[in-house]
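What follows is calculated from the coordinates using simple rules that are stated; it is not laboratory data. Please read these numbers as outputs of a predicted model, since none were measured by experiment. Because the Cβ atoms are built from the backbone with ideal geometry, glycine has one as well, and the counts that use them run over all protein chains shown.
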Amino acid sequence: MQYDFDTVRERRGSDSAKWKKYGDEVLPLWVADMDFISAEPVLRALHQRVDHGFFGYTRPTPELCSVIPERLKRLYNWAVRDEELFFLPGLVTGLNVSFQAYAGPGDGVLVQPPVYPHFVKDPVIHGRALVDPPLIPRGDTYEIDFDAFEGAITDRTKIFVLSNPHNPVGRVYTRQELETMAEVCLRHHLIICSDEIHCDLLYPGFRHIPIASISPEVAERTVTLMAPSKTYNLAGLSFGFAVIRNSELQNIWKNTSLGLISGVNIMGHVAALAAYKGGQEWLDQVLVYLKNNRDFLGRYIAEKLPGLRMTRMEGTYLAWLDCKGAGIPGNPFDFFLKEAKVALNDGADFGRGGEGFVRLNFACARKTLTEAIHRMAAALKRL
Ligand SMILES: Cc1ncc(COP(=O)(O)O)c(C=O)c1O
């Protein structure tokens, strides 16, 4: 069927976190949540479940536990067994379990800022030390400084938390980059926690490689976090999973999450299964729409907002915008919220190298995106 992503759907008054936080006058282009109605097979499956009328405890079904490995094999040529799957209410939970499971108090957690705020804030909240050699801006993209990456590791650094595709800089790491990062981690006996939540949202020319698929040695040291939540816009249904090959790491994971993560959310389970089985058509169409929005945004910024620079996006629907050349007094996030009534994400929340940037979520109808960037352009003109 042909999906309609162009119609602006009213989400105000629906308890959407995205649309509620900043009030009615503001266009929200911040949290990673798409303004698109879910795939028809997902809606159908959820309706059926609601009509049944029972919402008791559930367990991951054998069907789901075979659909996920089949999908990982088909898309990434990655062999995963069902007993390697550990279900989660969300990947932020998975990140926080990892920080506590694989690094002790005072131990180091290696990250690559600017990066998703939970990577830089949560380890510190748990009393872990942040080890944060930044990614290096090069032209309109970012690269890894491997000397700085390895040089930052000490005897107390225990875990490397990878964001791939990288939120917010939009990189989809190459095999060679992944191999080098993995080789450094293995040499220093680090556990790799790889957050691959955006792995299905790639633009033409890019291919996702799960770092654990690189070699059996890397798989033995890796916890991979994945979910249908970004891919199919199901974040409020609280469903994700970790893939853990090594039995020792599995046991530590089980003990750390004991009593904190139990069973699975029945609606999340139903939606995930329906999306993985029948959501491809929706996803194919959403990716075309997102690519067109990405290109439209890039052109608009280059032509009409010369003070801003958009980072090249290989994946995700989150544009990382450098505002340092725009002459904005103070923080650009505050400026666009107050002067343009557009809510973005504040780059400063993404750790080192994020100051002077904003993140813009363009997974919305073209009309909403156009209105937002017109408002931003008008605010910049008034400077
Ligand atoms: C890299 C990354 N990890 C995790 C999450 C959130 O995951 P969840 O909603 O499953 O906790 C996001 C959401 O934007 C993200 O970008």
* Asked: What is the stretch 307-383's relative contact order, in percent, from Cα pairs under 8 angstrom and six or more apart in sequence?
  -> 31
* Structure fact -> Cross-link reach from LYS277 to aspartates and glutamates, straight Cα distance under 19 Å and at least 8 residues apart if same chain, gives GLU40, GLU63, GLU70, ASP82, ASP200
* Based on DSSP, what percent of beta bridges with both residues in the stretch 24-174 are antiparallel, to the nearest 5? -> 35
* Structure fact -> At the level of C-alpha centres, the distance separating the stretch 154-186 and the stretch 112-129, in angstrom, is 15
* Asked: How many angstrom separate the Cα center of the stretch 277-326 from the Cα center of the stretch 39-56?
  -> 33
* **Protection proxy ranking of 262-268, 273-279 - average other beta-carbon atoms within 10 Å, highest first** => 273-279, 262-268
* **Segments 328-339, 186-197 sorted - mean Cβ within 10 Å per residue, highest first** => 186-197, 328-339
* Rounded to the nearest 5, what % of the DSSP beta bridges within the chain are antiparallel ones? -> 55
* Structure fact -> Residue by residue through the stretch 173-181, the couplings from Karplus 6.51 cos²θ - 1.76 cosθ + 1.60 with θ = phi - 60°, in Hz, x for Gly and Pro, are 5, 7, 4, 5, 4, 5, 4, 5, 4
* **Charged-residue dipole, Cβ positions (Lys, Arg, Asp, Glu), the stretch 110-213 about Cα centre, Debye nearest 20** => 200
* Check cross-link reach from LYS21 to the lysines: straight Cα distance under 23 Å, and skip same-chain residues fewer than eight apart. => LYS121, LYS230, LYS338, LYS341, LYS367
* Of every Cα-Cα pair in the chain, the percent that sits beyond 30 Å -> 39
* Prolate/oblate/rounded label for the stretch 75-202 (Cα gyration tensor, a/c 1.5) -> rounded
* Determine the relative contact order of the chain: mean sequence separation of Cα pairs under 8 Å and six or more apart, normalised by residue count, in whole percent. => 24
* Asked: For ARG309, what is the net charge nearby, where nearby means another residue's Cβ is under 15 Å from its Cβ and Lys, Arg count +1, Asp, Glu -1?
  -> +3
* Looking at the square roots a ≥ b ≥ c of the eigenvalues of the Cα gyration tensor of the stretch 226-383, which shape do they give, rounded for a/c under 1.5, prolate if a/b is larger than b/c, or oblate? -> prolate
* Environment charge at SER163 (Cβ cut-off 11 Å; Lys +1, Arg +1, Asp -1, Glu -1) -> -1
* For the pair VAL8 and GLU70, how long in nm is the line joining their label points, each one 7 Å along Cα→Cβ? -> 4.2
* Asked: Applying the Karplus parametrisation 6.51 cos²θ - 1.76 cosθ + 1.60 with θ = phi - 60° to the phi angles of the stretch 102-117, what ³J(HN,Hα) value in whole Hz is obtained for each residue in order, glycine and proline being reported as x?
  -> 10, 9, x, x, x, 6, x, 10, 8, 9, 10, x, x, 8, 2, x
* To do: Would you kindly state how much longer the chain becomes between VAL288 and SER247 on full extension, computed as 0.36 nm times their sequence separation minus their alpha carbon distance, in nm to one decimal?
  => 10.7 nm
* **Centroid-to-centroid separation of the stretch 245-261 and the stretch 1-24 [C-alpha atoms, Å]** => 37
* To do: With viscosity set to 0.692 mPa s and temperature to 37 °C, compute the Stokes-Einstein D of the stretch 199-253, Rh being the Kirkwood radius across alpha carbon pairs; µm²/s, no decimals.
  => 255
* Would you mind computing the Rg to Rh ratio of the stretch 1-144 from its alpha-carbon coordinates, Kirkwood style for Rh? => 1.02
* **Rounded, prolate or oblate (a/c below 1.5 giving rounded, otherwise prolate when a/b exceeds b/c) for the stretch 298-383 by Cα gyration tensor** => rounded
* So what is the 222 nm mean residue ellipticity for the chain from helices alone, if each DSSP H run of at least 4 adds -39500 (n - 2.57) and you divide by all residues, rounding to the nearest 500 deg cm²/dmol? -> -11500 deg cm²/dmol
* Asked: With contacts defined as alpha carbon pairs under 8 Å and 6 or more residues apart, what's the relative contact order of the stretch 134-223 in percent?
  -> 27
* Structure fact -> Taking only the alpha carbons of the stretch 134-200, the radius of gyration and the largest Cα-Cα distance, Dmax, both in angstrom, are 12.0, 35
* Asked: Tally Lys and Arg at +1 and Asp and Glu at -1 over the other residues with C-beta under 14 Å from the C-beta of GLU281: what net charge comes out?
  -> -2
* Could you pull out every residue, at least 5 positions away or on a different chain, whose amide H is within less than 5 Å of the one on TYR116? Hs are placed 1.01 Å off N in the peptide plane, and Pro or chain starts have none. => ASN167
* For the stretch 259-323, what are the per-bin percents of Cα-Cα distances with bins 5 Å wide, up to the bin holding the maximum? -> 3, 14, 17, 14, 11, 10, 11, 10, 6, 3, 1
